[in-house]
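Contents: one structure, followed by commentary.
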Amino acid sequence: MKKIYWIVPILIFLVIAGVIAYSIFQVVARQIITKNVEWQIRGVLNNTEGNLPKAEFEKKVTEEIDKVVKFRTDHILNRIIRLSPDRMTDIQKTTWAGHSFETADLRSIQYRSGGPIEWTGNGFVAGGSTMPRTKLLDVDFNQKIKVIIIANMEGELNSDNSHCKIPSCIIDSEYNFVELPVYLMDNDETKYGLRVLGTRHNIIQGNTRNKFKFTWFSVENTGKSIIFEDSGGTRLTSDEIIVSSSKPSDLNPNDPWRLRINADVNGDGYAKLEIKEIRVNK
């Protein structure tokens, strides 16, 4: 009987501690998620409902943020309970086109991942539900420099998005897409998104095609701005780029900035990267 007296308060304590921990998780998660998605939601709504009166537009922004926060907190909590946090696997050093790269497979708590990736002598072929990561290690973009990546960069999406009925679906993990996102990143892993080569033009826009193919892109740091160009005819400068919430000024000026060419295949499809040549002009 004495054991029961001890068990009851312990159970009560655990329940109260669990409720408090869950409440703290919700508050912190909401702050982090809102910071990351608000600018994306505003971008999506500017495309679809930018002519609404200001009060209605702000109300719509709040409603869409609430939907994303609920979906992502539920999803993250479910993955935590299943002990499946974000993690990099199969981390390797390799040489492509005469330059040193780090490669890895991202297993994400937000996106479906763990699908087949074939690492080749100069890139990869990524199947459905995969997130390969690459980082160019021996070129520092934190200086005046222009780098041209000549490569076969293509992909195809076979899944549709008929289930997406609200604007916030475009930026959540239920939206299907295939893309090769290009970033600059410092040692603190602050990422400045440059361009999405894929079924959509950027991450606040829905898919505009099911297939894509690019043959080159370039990244130039002029000392005053970052310029991105690609074989599709796109030319973007720092103030025009809308792939991430970070700005070039957020990157650590005391770190080297590395180029990342990743792939996200969210759904049924594939993405391919085959690097042929890397030209570095200083």
Six or more apart or on different chains, Cβ under 7 Å: which pairs go from a residue in the stretch 126-155 that's within 25 Å of R107 (Cα to Cα) and in the same structural domain as K224 (by TED's automatic domain parsing) to one that's at pLDDT below 95 and among the basic types (K, R)? Could you list them? S129/R112
Failed condition for I241, given (1) touching a residue at least 12 places away in the same chain (Cβ under 8 Å); (2) surrounded by fewer than 18 Cβ atoms within 10 Å (Cβ to Cβ); (3) β-branched (V, I, T): (2)
For the stretch 101-121, enumerate the residues that are β-branched (V, I, T) and farther than 12 Å from A263 by Cα. I109, T120
Just give me the residues in the stretch 217-233 being surrounded by 17 or more Cβ atoms within 10 Å (Cβ to Cβ) and touching a Lys or Arg at 6+ places or on another chain (Cβ under 9 Å), in sequence order. F217, S218, V219, E220, N221, I227, F228, E229, D230
Restricting attention to the stretch 160-183, the residues that are farther than 30 Å from W257 by Cα and surrounded by fewer than 18 Cβ atoms within 10 Å (Cβ to Cβ) number exactly 8
Number of the condition not met by E179 [criteria: (1) on the phi < 0 side of the Ramachandran plot; (2) in contact (Cβ under 8 Å) with a residue 12 or more places away in the chain; (3) in a loop (DSSP other than H, G, I, E, B)]: (3)
Scan the stretch 260-273 and give yes if some residue there is in contact (Cβ under 8 Å) with a residue 60 or more places away in the chain and of a type in the set (K, R), otherwise no. yes
Within the stretch 209-237, take every residue that is of a type in the set (S, T, N, Q), in a loop (DSSP other than H, G, I, E, B) and without any contact (Cβ under 8 Å) to a residue 24 or more places away in the chain and give me the one that is farthest from E179 (Cα to Cα). S225
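Give me the residue from the stretch 253-282 that is assigned to a strand (DSSP E or B) and among the charged types (D, E, K, R) and, out of that set, nearest to K135 (Cα to Cα).
Initial filter on the stretch 253-282 (assigned to a strand (DSSP E or B)): 258-261, 264-266, 269-281.
Restricting the remaining residues to those that are among the charged types (D, E, K, R) gives 258, 260, 264, 272, 274, 276-277, 279.
Working: R258: 7, R260: 4, D264: 15, K272: 16, E274: 14, K276: 16, E277: 15, R279: 16 Å.
By that ranking, first place goes to R260.
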Selection count where residues are under 29 Å from K282 (Cα atoms) and at pLDDT 95 or above, scope the stretch 199-221: 9
Lone unmet requirement of (1) in contact with a helix residue (DSSP H, G or I) (Cβ under 8 Å, 6 or more places away or on another chain); (2) farther than 23 Å from Q143 by Cβ for S238: (2)
In the stretch 244-282, which residue that is in contact with a Gly (Cβ under 6 Å, 6 or more places away or on another chain) and under 14 Å from W216 (Cβ atoms) is surrounded by the fewest Cβ atoms within 10 Å (Cβ to Cβ)? E274
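The values are calculated or read from the model by the stated rules, or taken from the named source; none is laboratory data. What you are looking at is a predicted structure, and each value in this text was computed from that prediction instead of being measured. With ideal geometry, Cβ positions are generated from the backbone for all residues, glycine too; neighbour counts draw on all protein chains shown.
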